[in-house]
1. When you scan the stretch 87-106, do you find a residue that is in a loop (DSSP other than H, G, I, E, B), within 23 Å of residue 8 (Cβ to Cβ) and over 14 Å from the mean Cα position of the chain (by Cα), even just one?
2. Which of (1) assigned to a helix (DSSP H, G or I); (2) surrounded by fewer than 18 Cβ atoms within 10 Å (Cβ to Cβ); (3) modelled with pLDDT of 95 or more does residue 81 not meet, given it meets every other one?
3. Would you mind stating whether residue 40 is touching a residue at least 60 places away in the same chain (Cβ under 8 Å), over 28 Å from residue 65 (Cβ atoms) and surrounded by 16 or more Cβ atoms within 10 Å (Cβ to Cβ)?
4. List every residue pair whose Cβ atoms sit under 7 Å apart, with the two residues 6 or more apart in sequence or on different chains, where the first one lies in the stretch 92-118 and is at positive phi and the second, anywhere, is modelled with pLDDT of 95 or more and buried (at least 17 other Cβ atoms within 10 Å of the Cβ).
5. Within the bounds of the stretch 16-26, is there any residue that is farther than 25 Å from residue 105 by Cα, outside any strand (DSSP E or B) and out of contact with any helix residue (DSSP H, G or I) (no Cβ under 7 Å at 6 or more places or on another chain)?
6. Which of the residues that make up the stretch 62-74 are farther than 22 Å from residue 118 by Cα and either surrounded by 10 or more Cβ atoms within 10 Å (Cβ to Cβ) or under 18 Å from the mean Cα position of the chain (by Cα) (or both)?
7. Just checking, which of 113, 75 is out of contact with any strand residue (DSSP E or B) (no Cβ under 6 Å at 6 or more places or on another chain), outside any strand (DSSP E or B) and closer than 21 Å to residue 34 by Cα?
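The values are calculated or read from the model by the stated rules, or taken from the named source; none is laboratory data. All values reported here derive from a predicted model rather than from experimental measurement. All Cβ positions, glycine included, derive from the backbone under ideal geometry; neighbour counts span all protein chains shown.
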């Protein structure tokens with residue numbers, strides 16, 4: 001069985017990190033799949049999905065890491081071409097990745113005790129985001 005749904009949400013941009021674990025679990029429950037996998041895909045080139053321990057200290061560390069690796073206040077060819085000032089957003093999102101696969105066992109996401117699924121919006125402004133949730137299995 002394959003079930004495809006989506007999660008819609010609004011973000012603040014600028015590295016906003018949102019725990020979407022409850023929404024993913026809700027889509028899994030609605031699918032009635034017991035064993036298989038959930039694939040997540042964020043539609044957009046300035047956001048990504050991953051897992052993290054979603055607690056304030058690590059969220060701050062995660063945001064700071066992006067600023068050190070791919071600084072916002074440097075010159076990007078994308079900004080020169082389009083003038084929208086979000087070249088860093090595209091580079092960060094491409095490094096993080098737009099998709100994630102999570103195993104499903106006994107109707108539950110197979111996540112570690114302190115592991116949550118998050119959407120990270122790197123764009124330089126608030127956005128409406130859509131995460132495609134595809135549940136596959138039996």
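1. First, the residues of the stretch 87-106 that are in a loop (DSSP other than H, G, I, E, B): 97-98, 106.
When the remaining residues are screened for being within 23 Å of residue 8 (Cβ to Cβ), the result is 97-98.
Now restrict to residues that are over 14 Å from the mean Cα position of the chain (by Cα): none.
Within the stretch 87-106, not a single residue is in a loop (DSSP other than H, G, I, E, B), within 23 Å of residue 8 (Cβ to Cβ) and over 14 Å from the mean Cα position of the chain (by Cα).
2. For residue 81, the exception is condition (3).
3. Considered against the rule, which asks whether it is touching a residue at least 60 places away in the same chain (Cβ under 8 Å), over 28 Å from residue 65 (Cβ atoms) and surrounded by 16 or more Cβ atoms within 10 Å (Cβ to Cβ), residue 40 comes out as no.
4. What qualifies is 97/48.
5. Initially, the stretch 16-26 is screened for residues farther than 25 Å from residue 105 by Cα, giving 16-17.
If we keep only those that are outside any strand (DSSP E or B) as well, we get none.
Checked the stretch 16-26: no residue is farther than 25 Å from residue 105 by Cα, outside any strand (DSSP E or B) and out of contact with any helix residue (DSSP H, G or I) (no Cβ under 7 Å at 6 or more places or on another chain).
6. We begin by selecting, within the stretch 62-74, every residue farther than 22 Å from residue 118 by Cα; these are 73-74.
Result: no residue meets the conditions.
7. Details: 75 fails: closer than 21 Å to residue 34 by Cα.
Going through 113, 75 in turn, just one is out of contact with any strand residue (DSSP E or B) (no Cβ under 6 Å at 6 or more places or on another chain), outside any strand (DSSP E or B) and closer than 21 Å to residue 34 by Cα: 113.
Results for (1) modelled with pLDDT under 95; (2) farther than 12 Å from residue 121 by Cβ; (3) part of a loop (DSSP other than H, G, I, E, B), shown as yes or no for each residue.
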| residue | (1), (2), (3) |
| --- | --- |
| 33 | no, yes, yes |
| 48 | no, no, no |
| 61 | no, yes, no |
| 67 | no, yes, no |
